[in-house]
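Peer 1: Pasting a structure here, questions to come.
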Amino acid sequence: MTERRSWTLRETLVVAVLGAVFAVLYIGWVQVWLIAQAAFGAVTMDVVMGFWFIVSIVAAAIIRKPGVAIASEVLAAGVEILLGSPAGLILLLSGAVQGAGAELVFAATRWRNYSLPVLMAAGVGSAIFSFVYTWIRFDYGALQPGLLAAMFVLRCLSGAFLGGLLGHYVVEALHKTGALAGLAIDREKRSATT
Amino acid sequence: MASASGGVLKTLNPLVKLGVCLVWLIAAMLVFNPGFQAATIMAIVLVLIFVNRNSPATILALIVPFALFGFGMLTTNLLFRRDSPFATVLAGEALFASAAFSAGVTLFLRSIACGMISALFALTTDPGAFVRALMAYCRLPPRLGYALFAAMQLVPDLAAEAEQMRLARAMKSGRPRRAVPGPREAVSLVIPLLAYAIRRAGRTAIAMEARGLSPGPRTIANVPRFTWRDGAIVVIAIGVTALCGVPLLFGRA
Amino acid sequence: MRSAPPPPERTPAAEWQQVEVRYPFSARAAVGPLDLAIQPGERVLLLGASGSGKSTLLLTLTGLIPQSIPAAVTGRINIFGADTSSRAPWGWARQVAHYFQDADQTLCGMRVEDEIAFPLENRAEPACSMAAAVSSAMREVGLPDAWRRRRSSTLSGGERQLVALAATLAQDAPLFVTDEPTAHLAPAASRRLHALLTSRHPDRAILIVDHRLDELVEGIDRVVVLGNEGSIVATGRPRDVFRDARSLLASLGVWSPVSSMLDAALADAGVAPPAAPLNVREALAHLEPGTGNPDSIRKARPAVAAFLNSRTARPAAGDSGGRVVAGLSKADCAPFLGPTVLSGVDLEIHEGELLGVLGANGAGKSTLGACLSGHSPLRGGRRYGQLGGIAFQRPENQFTAGSVSEEIASALPRKTVDPEREWRVAEALAAWKLVGLERRHPLALSQGEQRRLALASLTAGDRWPLLVLDEPMAGLDAEGAARLVEMIAALARKGRAVALITHDMDLALRLCPRSVVLGEGRVLAEGPTITLLRDRALLDRAGLCEPSWAEAGRWLQRAAAC
Ligand SMILES: Nc1ncnc2c1ncn2[C@@H]1O[C@H](COP(=O)(O)OP(=O)(O)OP(=O)(O)O)[C@@H](O)[C@H]1O
Ligand SMILES: Nc1ncnc2c1ncn2[C@@H]1O[C@H](COP(=O)(O)OP(=O)(O)OP(=O)(O)O)[C@@H](O)[C@H]1O
Ligand SMILES: [Mg+2]
Ligand SMILES: [Mg+2]
């Protein structure tokens, strides 16, 4: 069991490179967000937020070990800062909070179940954590309860779909490329088919 | 010897550089003033061109993505600050006086400034030396250190790999590729690039394991040392940051 | 070597007992079952057709298969008497230095000096001895000091291979395992490395897989041949194997050294050398004018002349008379994000022409190829003519699809419709011996299979008037190479222009009437290949060497003179 829990070198490196690549994508997504916000106003943030949870879901679904979700999200945040994200160092904290939300859901399955509903739940977990975090950071108490509820629901949906569902598709597409051979996801899929 | 090929900045201790850059980054976050940000950008561009001998074209190429990013900030701020209705903004007259504009400009400049500070670190630091300094002075475990190293190496190589993929595709489609990928092409590169990154991680893991990367004791070759230059650079950096702060005085007045 | 105590009596350095390896989802075993033992200090050459399981066998040695690469392994594998699976792969780094077929699997992307120091750091070598070891490894392999701070990912294919070799040599292990170490090296560098691998350390056991055998075989103690079913079909001293098992090797599609082919030609003429030769000089020693039997010499002359003739390109018709397909004028070429490496290149290529592009490692051949094909922007000057196709130096750069047959289909012209599409794909699969691999992912192939797939997809559609082939021979077995030669000749007959970038002087001479030699940042020379390769000063300057059979040419002159 302990052997299963600790990361191999390959797994550590995979988490690291996933963090790095998604950091680049996150920076790109900020652009999408800004453009969308210009068109649709402030709630867009909640709608697009889910994509920023995706690395924890993808990495966890591939490696299937404790700590992967949170580590990958924090690493992505770190690389994002190095790439010049204007949010700055606080991003590390945001990353940790979002990653913790997903990690908690995976922990609830004892890091065993990575089916689509669990991935979507992990996205919702990140959404809830990040909502609490932004509440504290931006003093959401001042907003109208109706708006708040709408924001919360939108963010959870975004987490479930842009995080969980899209993450699932990304993982499936990656699996088809054969790059995941020998990683936990591949082993489990193989033992499921034979 | 090394300074001849790489400029004095490359011989500095990476940890000192990291410290200086972090402090500068935090300052750029906290000081919400367009003058400070503009001065920061200027200072870095000058350092890169005259001390590190980067070509102005490289620097321009670096600024463009940060500027695009910052431009997004600028426009959203212009259009969506509650206290500056759309109409007045479009009227143009009051534009330069409006608080939204200056907030937007500051954000715009800030994202370029933060980007340039990171670029300064990245352009003058070898990831290997950085990781070795972290392992030597901060007791970073070697496996984590080399994972970080792999991630840092990967980001600049992604561009070359994407270029290679576009070339192969262009060849198959029989058309010369466009200079800049369109959004559809960019999205279609995501999965192949991720697959490449994961494969590369696997290969690097094999390369490191086959050559004996173990959790056990190790020596570290070419550990970056602290020299008088590092002290000097801290002093200079404080000076430069202070100089960048000069516009603040005028801002207040 | 101070790390490993001398092995007690004759424990083999490496031993495979009844080993069988099966990749997931694969119907047949990739290797075995086989038994093989390598004694300390022994130098063993492992031969086999592409896909016969050589790389797989080597990867099982330290347990990378199955611990890092999934596959089912049965049987026992020992290193100096200890079971491989008793340690993690990194635990064997003191005993085994492994040079992988893919240089990127050997290198971690660090700067050159760090890359070489890495294994020494891992075993906690003191800093001062480490610096000395790094310098001496760089000197041995011939890496210039100026490279110390270059990142290995900004090196050319061959330069990378040199660095990878220096990095594995610095490990100084009693068992050295190398998989095609010279596939991308220029002739001079490859010659030096073969000498380095086989002769410097008499007490280091070496297991080497290579397709370029000509100088290598002289330093080898034993040859082991893997058959296509993954088991050993022949083993013995090089002299015996290359003479007695010649027809077996040929039927497997395995390379033989040129001396063995000359031996065969002489035997056909009834003047076989008394002992099986390992080089051309030995093959002709008994026919030396003046000392040899004049009667035999007379019989040998036409045989040798025919042998040489079949290996030299005749200037084809339409050589320079053909229409220009593409050309460069005063072109400055640079790799992506790299510095300008070639300047002022003037070059034209004509319909039906085969143009050789030769030069040392890092001379800029790949860079020139990308520019000539029109896919890489020039830094200066101008390119005119039609767009071409490239077979990249690393075959995996070619692949964009998820399976072997999709890969070939994706390279067909878009308007190709279904029945034609299918038979084109089937034809290409059959021609390049890829049948049975249709559904495999392109990157789950052996290196030689990847090369064949890349060439198959490039030629299946026959859509480019100009093809640039960058080191197409690297990784191919003799059968694949024969197919390549046939394909290139067919393309030229159809009026396609082919630029052939190669380190294989025999291939260049055999196919290309005209060549350019790159070096010193420009085109050093241009002209008939045979003339270029006779110019000693040019060869030395450009890091090239004569074709492997040059000695036979000189013999023929001597024999004709008397
Ligand atoms: N990204 C890069 N940055 C800096 N230098 C580079 C880069 N890519 C290649 N080079 C250099 O450009 C030169 C030409 O490279 P190229 O790949 O064309 O060589 P080549 O003749 O094909 O060599 P080989 O026979 O080893 O394949 C080499 O010296 C190489 O070190
Ligand atoms: N990752 C993989 N998954 C499935 N099959 C594989 C994989 N790698 C190799 N094979 C198959 O195993 C067989 C042996 O491959 P291997 O790489 O050992 O061949 P090789 O003798 O080294 O050939 P080459 O000379 O072309 O390098 C081949 O048929 C190959 O297609
Ligand atoms: Mg192989
Ligand atoms: Mg090349």
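The values are calculated or read from the model by the stated rules, or taken from the named source; none is laboratory data. Computed from a prediction, not measured in an experiment: that's the story for all the values here. Glycine gets a Cβ as well: all are built from the backbone with ideal geometry, and neighbour counts include every protein chain shown. Accessible surface is based on the protein model in full, side chains and every heavy atom, while ligands, DNA and RNA are left aside. Shrake-Rupley method; radii C 1.70, N 1.55, O 1.52, S 1.80 Å.
Peer 1: Please name all residue pairs, on different chains or six or more residues apart, with Cβ atoms under 6 Å, provided the first residue is in segment C:79-102 and is in contact (Cβ under 8 Å) with a residue 40 or more places away in the chain and the second residue is small (Gly, Ala, Ser) and in a strand (DSSP E or B).
Peer 2: C:Ile79/C:Ala14
Peer 1: Sticking with this one: Of all residues in segment C:164-179, which are closer than 19 Å to C:Gln393 by Cα and surrounded by 24 or more Cβ atoms within 10 Å (Cβ to Cβ)?
Peer 2: Matches in segment C:164-179: C:Ala164, C:Leu165.
Peer 1: Residue check, C:Ala195 against (1) buried (at least 20 other Cβ atoms within 10 Å of the Cβ); (2) more than 16 Å from ligand 4 (Cβ to nearest atom), all met but one. Which one?
Peer 2: (1)
Peer 1: Residues to consider are C:Leu368, C:Leu342, C:Leu337; find the one that is farther than 21 Å from C:Val498 by Cα, among the hydrophobic types (A, V, I, L, M, F, W, C) and near ligand 1 (Cβ under 9 Å from one of its atoms). Quick ask: steps written out before the conclusion?
Peer 2: Details: C:Leu368 fails: farther than 21 Å from C:Val498 by Cα; C:Leu342 fails: farther than 21 Å from C:Val498 by Cα.
Going through C:Leu368, C:Leu342, C:Leu337 in turn, just one is farther than 21 Å from C:Val498 by Cα, among the hydrophobic types (A, V, I, L, M, F, W, C) and near ligand 1 (Cβ under 9 Å from one of its atoms): C:Leu337.
Peer 1: So in segment C:61-105, with the set limited to residues that are hydroxyl-bearing (Ser, Thr, Tyr) and in contact with an Asp or Glu (Cβ under 9 Å, 6 or more places away or on another chain), which one is surrounded by the most Cβ atoms within 10 Å (Cβ to Cβ)?
Peer 2: The residue in question is C:Thr62.
A quick yes/no check of all residues on (1) crowded, with 18+ Cβ neighbours inside 10 Å; (2) touching a strand residue (DSSP E or B) at 6+ places or on another chain (Cβ under 7 Å):
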position	(1), (2)
C:Thr11	no, no
C:Val19	yes, yes
C:Pro24	no, no
C:Val44	yes, yes
C:Ser50	yes, no
C:Leu59	yes, no
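Peer 1: Take the residues in segment B:214-253 that are assigned to a helix (DSSP H, G or I) and among the charged types (D, E, K, R); name whichever of them is most open to solvent (accessible area, probe 1.4 Å).
Peer 2: B:Arg252
Peer 1: List every residue pair whose Cβ atoms lie under 8 Å apart, where the two residues are 6 or more positions apart in sequence or sit on different chains, the first residue falls within segment B:18-29 and is more than 10 Å from chain A (Cβ to nearest Cβ), and the second residue, located anywhere, is hydrophobic (A, V, I, L, M, F, W, C) and open to solvent by 30 Å² or more (accessible area, probe 1.4 Å).
Peer 2: B:Gly19/B:Val234; B:Val20/B:Ile233; B:Val20/B:Val234
Peer 1: Quick one: in segment C:127-146, of everything that is within 22 Å of C:Ala183 (Cβ to Cβ) and buried (at least 20 other Cβ atoms within 10 Å of the Cβ), which residue is farthest from ligand 1 (Cβ to nearest atom)? Give the derivation first.
Peer 2: Step one: list which residues in segment C:127-146 are within 22 Å of C:Ala183 (Cβ to Cβ), which gives C:137-138, C:140-144.
So of that shortlist, the ones also buried (at least 20 other Cβ atoms within 10 Å of the Cβ) come out as C:137-138, C:141, C:143.
Details: C:Ala137: 19, C:Met138: 15, C:Val141: 14, C:Leu143: 12 Å.
Looking at the filtered set, the residue picked out is C:Ala137.
Peer 1: Consider segment C:375-404. How many of its residues are of a type outside the set (A, V, I, L, M, F, W, C) and either within 22 Å of B:Leu189 (Cα to Cα) or part of a helix (DSSP H, G or I) (or both)?
Peer 2: Going through segment C:375-404 one residue at a time, the tally reaches 13.
Peer 1: Hey, another quick one. Checking the structure you have, find out if any residue of segment C:400-407 is crowded, with 20+ Cβ neighbours inside 10 Å, modelled with pLDDT of 85 or more, within 14 Å of another protein chain (Cβ to nearest Cβ) and within 16 Å of ligand 2 (Cβ to nearest atom).
Peer 2: Yes: segment C:400-407 contains one or more residues that are crowded, with 20+ Cβ neighbours inside 10 Å, modelled with pLDDT of 85 or more, within 14 Å of another protein chain (Cβ to nearest Cβ) and within 16 Å of ligand 2 (Cβ to nearest atom).
Peer 1: Here's a follow-up. Somewhere in segment A:158-179, is a residue in contact with a His (Cβ under 6 Å, 6 or more places away or on another chain) and modelled with pLDDT under 95?
Peer 2: Looking for residues that are in contact with a His (Cβ under 6 Å, 6 or more places away or on another chain) and modelled with pLDDT under 95, one finds at least one in segment A:158-179, hence yes.
Peer 1: Find the residue count for segment C:409-468, including only residues that are of a type in the set (D, E, K, R), within 13 Å of ligand 2 (Cβ to nearest atom) and within 14 Å of another protein chain (Cβ to nearest Cβ). Steps first, answer last, please.
Peer 2: Looking only at segment C:409-468, we keep the residues that are of a type in the set (D, E, K, R), and these are C:414-415, C:418, C:420-422, C:424, C:427, C:433, C:438-440, C:449, C:451-452, C:462-463.
With the extra rule that they be within 13 Å of ligand 2 (Cβ to nearest atom), the set shrinks to C:433, C:438-440, C:449, C:451-452.
After this cut, where a residue has to be within 14 Å of another protein chain (Cβ to nearest Cβ) as well, the list is C:439-440.
Total meeting the criteria: 2.
Peer 1: Follow-up. Does at least one position in segment C:213-224 carry a residue that is open to solvent by 40 Å² or more (accessible area, probe 1.4 Å), farther than 23 Å from C:Glu115 by Cα, of a type in the set (A, V, I, L, M) and at pLDDT below 90?
Peer 2: no
Peer 1: On to the next question. Residue check: is B:Glu185 assigned to a helix (DSSP H, G or I), facing another protein chain (nearest Cβ under 7 Å), out of contact with any Pro (no Cβ under 9 Å at 6 or more places or on another chain) and surrounded by fewer than 17 Cβ atoms within 10 Å (Cβ to Cβ)?
Peer 2: Considered against the rule, which asks whether it is assigned to a helix (DSSP H, G or I), facing another protein chain (nearest Cβ under 7 Å), out of contact with any Pro (no Cβ under 9 Å at 6 or more places or on another chain) and surrounded by fewer than 17 Cβ atoms within 10 Å (Cβ to Cβ), B:Glu185 comes out as no.
Peer 1: For segment B:200-213, enumerate the residues that are more than 7 Å from chain C (Cβ to nearest Cβ) and open to solvent by 20 Å² or more (accessible area, probe 1.4 Å).
Peer 2: The one that is more than 7 Å from chain C (Cβ to nearest Cβ) and open to solvent by 20 Å² or more (accessible area, probe 1.4 Å): B:Arg200.
Peer 1: To continue, here is another question. Could you say whether any residue in segment C:321-331 is assigned to a loop (DSSP other than H, G, I, E, B), more than 16 Å from C:Arg558 (Cα to Cα), open to solvent by 30 Å² or more (accessible area, probe 1.4 Å) and in contact with a His (Cβ under 9 Å, 6 or more places away or on another chain)?
Peer 2: yes
Peer 1: Taking C:Gly338 as meeting all but one of (1) more than 13 Å from every other protein chain (Cβ to nearest Cβ); (2) within 16 Å of ligand 4 (Cβ to nearest atom); (3) surrounded by fewer than 21 Cβ atoms within 10 Å (Cβ to Cβ), write down the number of the exception.
Peer 2: (1)
Peer 1: Can you tell me how many residues in segment C:442-481 are within 16 Å of ligand 3 (Cβ to nearest atom), part of a helix (DSSP H, G or I) and either open to solvent by less than 10 Å² (accessible area, probe 1.4 Å) or touching a helix residue (DSSP H, G or I) at 6+ places or on another chain (Cβ under 9 Å) (or both)?
Peer 2: Taking segment C:442-481 and keeping what is within 16 Å of ligand 3 (Cβ to nearest atom), we get C:442-454, C:471, C:473-481.
Now restrict to residues that are part of a helix (DSSP H, G or I): C:442-444, C:447-454, C:478-481.
Next cut, either open to solvent by less than 10 Å² (accessible area, probe 1.4 Å) or touching a helix residue (DSSP H, G or I) at 6+ places or on another chain (Cβ under 9 Å) (or both) only: C:442-443, C:447-454, C:478-481.
Looking only at that region, the number is 14.
Peer 1: Right, another one. What are the residues in segment A:2-28 that are open to solvent by 50 Å² or more (accessible area, probe 1.4 Å) and in a helix (DSSP H, G or I), if any? Break it down stepwise before answering.
Peer 2: From segment A:2-28, those open to solvent by 50 Å² or more (accessible area, probe 1.4 Å) are A:2-8, A:24; that's our starting set.
Within segment A:2-28, A:Thr2, A:Glu3, A:Arg4, A:Arg5, A:Val24 meet the criteria.
Peer 1: For segment B:156-182, give me each residue that is more than 7 Å from every other protein chain (Cβ to nearest Cβ), among the charged types (D, E, K, R) and part of a helix (DSSP H, G or I).
Peer 2: Matches in segment B:156-182: B:Glu161, B:Arg166.
Peer 1: Going through segment C:132-162 one residue at a time, which ones are within 16 Å of ligand 4 (Cβ to nearest atom) and assigned to a helix (DSSP H, G or I)?
Peer 2: Hits for segment C:132-162 are C:Ser152, C:Ser153, C:Thr154, C:Gly157, C:Gly158, C:Glu159, C:Arg160, C:Gln161, C:Leu162.
Peer 1: Then there is this: Any chance you could count how many residues in segment C:482-530 are closer than 17 Å to C:Gly362 by Cα, in contact with a helix residue (DSSP H, G or I) (Cβ under 9 Å, 6 or more places away or on another chain) and assigned to a strand (DSSP E or B)?
Peer 2: 9
Peer 1: Residues being more than 14 Å from ligand 1 (Cβ to nearest atom) and away from every other protein chain (no Cβ under 12 Å): count how many of those fall in segment C:151-168. First the steps, then the outcome.
Peer 2: Residues of segment C:151-168 that are more than 14 Å from ligand 1 (Cβ to nearest atom), as a first pass: C:166-168.
With the extra rule that they be away from every other protein chain (no Cβ under 12 Å), the set shrinks to C:166.
Residues in segment C:151-168 being more than 14 Å from ligand 1 (Cβ to nearest atom) and away from every other protein chain (no Cβ under 12 Å): 1 in total.
Peer 1: Restricting the search to segment C:374-397, which residues are more than 14 Å from C:Ala334 (Cα to Cα), at the interface with chain B (Cβ under 8 Å from one of its Cβ atoms) and more than 18 Å from the chain's Cα centre (by Cα)?
Peer 2: Correct list: C:Leu387, C:Gly389, C:Ile390.
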